[in-house]
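First the structure, in the form of C-alpha cells, and then the observations on it.
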Amino acid sequence: RQTFWDIRAAMNFIMGGIGSGTVVVAYLFSLLSPNNYYELARINLVSGLIIAIGLFFVWLKIGRKLRAPLAILRPQTSWMSREIYAVGILFLSIWFMFFYSTPILPVTAAASAAAFLYCQAQILYSGKGIPTWRVKQIPLMLISSGLLEGIGLCMLLTFSWKTEISANSFT
C-alpha cells in the first residue's frame with residue numbers, strides 16, 4: 001500500500017488542476033467575448049504547458065518508467081488511463097487551435113480539460129492507500145479548487161497581456 005505521496009505526485013495534481021481549470025474557465029470567459037480566439041489559444045497553450053510540467057513530475061515518480069505506456073490499456077477500469085486519453089485530446093486540441101480557427105477546437109479543449117480534472121479528482125478519491133481521501137467531498141473539492149485556480153491564472157494572463165499590449169501601443 002502506498003501511504004505517502006511526495007512532492008512529485010503533489011505537483012501533478014497541483015499543476016493539473018491549475019492548467020485544466022484555466023482551460024475550462026478561459027473557454028467560459030471566451031463565450032462572453034468570442035472575438036478573442038488567438039488570446040484563448042495562447043491561454044490554452046500556457047495551461048497545456050503547466051499540465052505537461054505536472055505530468056513530467058508524476059513521470060519522475062514512476063518506479064518503472066518503461067512501463068508507463070501500459071497505463072493507456074485499461075480505460076474501462078483505470079482513472080489514470082482515462083486521464084491520459086483526456087490529456088491527449090486536450091493537447092491535440094490546443095495544438096490545432098494554432099492552425100485552424102474553428103469553434104469546435106475550444107469546445108473540445110474545454111471538455112477534455114474538464115474530463116482531465118474530473119479524472120484527477122477520481123484518482124485521489126479512489127486511492128486506497130490514503131483513507132483520508134476516500135470521503136465524498138474530495139472530488140468536488142479538487143474540481144472546485146482547479147476551477148478557482150483557473151480563474152486566477154486566466155485573469156492574471158489576460159490582464160498582463162492586455163497591459164503589455166496597451167503599454168506597447170503608446171511607444
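The values are calculated or read from the model by the stated rules, or taken from the named source; none is laboratory data. A quick note: this is a predicted structure, and the numbers were derived from the prediction, not measured. Here the Cβ positions follow ideal geometry from the backbone for every residue, glycine too, while neighbour counts run over all protein chains shown. Heads up: the accessible areas ignore ligands, DNA and RNA and are worked out on the full protein's heavy atoms, side chains in. Shrake-Rupley method; radii C 1.70, N 1.55, O 1.52, S 1.80 Å.
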| Of the residues that sit in the stretch 75-97 and are of a type in the set (Val, Ile, Thr) and in contact with a Leu (Cβ under 8 Å, 6 or more places away or on another chain), which one is farthest from residue 107 (Cα to Cα)? | 87
| query | Give me the pairs: first residue in the stretch 25-51 and in contact (Cβ under 8 Å) with a residue 40 or more places away in the chain and within 14 Å of residue 151 (Cβ to Cβ), second residue of a type outside the set (Phe, Trp, Tyr) and open to solvent by 50 Å² or more (accessible area, probe 1.4 Å), beta-carbon distance under 7 Å, and six or more apart or on different chains, which are they? | reply | 25/147; 25/151; 30/36
| request: Quick one: residue 113 ticks every box in (1) under 17 Å from residue 41 (Cα atoms); (2) of a type in the set (A, V, I, L, M); (3) modelled with pLDDT of 95 or more; (4) open to solvent by 40 Å² or more (accessible area, probe 1.4 Å) except a single one, so which number is it? | output: (4)
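Quick check on residue 13: is it within 27 Å of residue 131 (Cα to Cα), within 18 Å of the chain's Cα centre (by Cα) and open to solvent by less than 40 Å² (accessible area, probe 1.4 Å)? Talk me through it step by step, then tell me what you get.
On the way: within 27 Å of residue 131 (Cα to Cα): yes; within 18 Å of the chain's Cα centre (by Cα): yes; open to solvent by less than 40 Å² (accessible area, probe 1.4 Å): yes.
Taking the combined requirement at face value, the residue satisfies it.
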| task | Could you grab me the full set of residues in the stretch 29-64 that are surrounded by 15 or more Cβ atoms within 10 Å (Cβ to Cβ) and outside any helix (DSSP H, G or I)? | result | 36
| If you check 87, 25, which single one turns out to be assigned to a helix (DSSP H, G or I), in contact with a Cys (Cβ under 6 Å, 6 or more places away or on another chain) and open to solvent by less than 40 Å² (accessible area, probe 1.4 Å)? | 25
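Yes/no per residue for (1) modelled with pLDDT of 95 or more; (2) surrounded by 13 or more Cβ atoms within 10 Å (Cβ to Cβ):
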| position | (1), (2) |
| --- | --- |
| 66 | no, no |
| 104 | yes, no |
| 108 | yes, yes |
| 136 | no, no |
| 155 | no, yes |
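Let's see how each residue does on (1) in a helix (DSSP H, G or I); (2) closer than 19 Å to residue 81 by Cβ; (3) more than 14 Å from the chain's Cα centre (by Cα):
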site	(1), (2), (3)
114	yes, yes, no
117	yes, yes, no
124	yes, yes, yes
132	yes, no, yes
138	yes, no, yes
141	yes, no, yes
